[in-house]
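Everything below concerns the one structure shown next.
Read-outs: derived from the displayed coordinates by stated rules, not from any lab. Source: prediction; values computed, not measured. Cβ placement follows ideal geometry from the backbone for every residue including glycine, while neighbour counts extend to all protein chains displayed.
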Amino acid sequence: MKKIAFFLTIYSFIFFQSCKEQPLKVSRIEGEEIKITDSIASNKELNEFIAPYANHIEKEMSAILAYAPKALAKSDSKYNTAIGNMEADAVMEMLQPIFFSRTEDSIDGVLLNYGGIRSTINQGNVTTKTAYNIMPFENEAVVVRLSAEAMQELFNYLAKNQTAHPISGMQLILNKNGSIERNLVQGKPLEKDHFYYIATNDYLQKGGDHMDFLAKADTVMQMNYKLRNLFIDYFKKKDTIAPVTDERFIKLEK
């Protein structure tokens, strides 16, 4: 028995050593596509099991929060859109009291991204589902502290991009050739050696959409507030959702 145990020990040692010296490699991967179509019969027991949950979710998603007199889409205008203005203004309005309670300071501006608006707001009832449609991501609201130099990079980015990225608390006016005519924060020109608090989302803060200037912030404050939930709370607060385009971001024709 001792000899058998000895040989087993030697064999195990050699086996594991050889595994270390010659690691296993995947030689072939096989897969099969299984299409899910209407031809697949439904499972009655499964349907009955999930029905109460599906009904509850549908009821929650269909809850009426506000009313929109007309449809709002991000393609409605070139430099600032009603739906984009609504989103940026909602972030400013809902975050401002939270930010002040933590810092006794104020948010100077809001910057979101055009691509983050994923749906229109249809004319009629605004529901919880509406908020999920326009913001299907799990983006969190953050507030960053930017230098005047970083703020100028922000305006330069918007001027070069010439896309209706939602902004609030800021104004950018381009002349007819597309260069900056005027850029203001809270109605004032940028001040050297001054810092500005800008609300945005965590995706952009990390340089998403090439907004690298947001990643230069020396301070990033997590607001623990998903943008989707913020919009839901904003809709609940308002009776009617009727934003308009304005002159926060425009290009002069002459």
>> Quick check: pseudo-label points 7 Å beyond the Cα along Cα→Cβ at ASN175 and GLN123, how many nm apart are they?
In response: 4.2 nm
>> If you fit an axis through the alpha-carbon atoms of helix 2-21 and take the longest principal axis of the Cα set of the chain, what angle between them do you get, 0 to 90°, nearest 10?
In response: 30 degrees
> How about LYS160: which lysines have a C-alpha closer than 21 Å to its C-alpha, ignoring those fewer than 8 places off in the same chain?
Replying inline: LYS74, LYS78, LYS176, LYS206, LYS216, LYS251, LYS254
> Helix 148-161 versus the longest principal axis of the chain: what is the Cα-based angle in degrees, 0 to 90, to the nearest 10?
Replying inline: 90 degrees
> Taking Cα atoms, how many degrees apart are the long axis of helix 82-103 and the longest axis of the chain, rounded to 10 and kept between 0 and 90?
Replying inline: 80 degrees
>> For the pair THR103/ASP76, report the inter-label distance in nm, with labels modelled 7 Å from Cα in the Cβ direction.
In response: 3.0 nm
> Using the count of nearby Cβ atoms within 10 Å as a rough guide to exposure, how do HIS194, HIS56 rank from fewest to most?
Replying inline: HIS56, HIS194
> Would you list ARG28, ARG228 from fewest to most Cβ contacts within 10 Å?
Replying inline: ARG28, ARG228
> Using a simple charge model, +1 on the beta-carbon of Lys and Arg, -1 on the beta-carbon of Asp and Glu, nothing else, what dipole does the chain show about its Cα centre, in debye to the nearest 20?
Replying inline: 540 debye
> Of the beta bridges DSSP finds with both residues in the range 165-254, what % are antiparallel, to the nearest 5?
Replying inline: 65 percent
> If the chain between ILE40 and TYR132 were fully stretched, how many nm would it gain, using 0.36 nm times the residue separation less the Cα-Cα distance?
Replying inline: 30.2 nm
> By count of other Cβ within 10 Å, fewest leading, how are PHE249, PHE231 ordered?
Replying inline: PHE231, PHE249
> Which length gain, in nm to one decimal place, applies between ASN156 and LYS25 when the Cα-Cα distance is subtracted from 0.36 nm times their residue separation?
Replying inline: 42.1 nm
> Between LYS216 and MET61, what FRET efficiency follows from the Cβ-Cβ distance if R0 is 45 Å, with the result rounded to 0.05?
Replying inline: 0.70
>> I'd like the FRET efficiency for ASN47 and LYS238, computed as 1/(1 + (r/R0)^6) with the beta carbon distance as r and R0 of 45 Å, rounded to 0.05.
In response: 0.75
> For the range 100-254, rounded, prolate or oblate, judged on the Cα gyration tensor with a ≥ b ≥ c (square roots of eigenvalues), a/c < 1.5 rounded, else prolate if a/b > b/c?
Replying inline: oblate
> Taking every DSSP beta bridge that has both residues in the chain, what percent is antiparallel when rounded to the nearest 5?
Replying inline: 80 percent
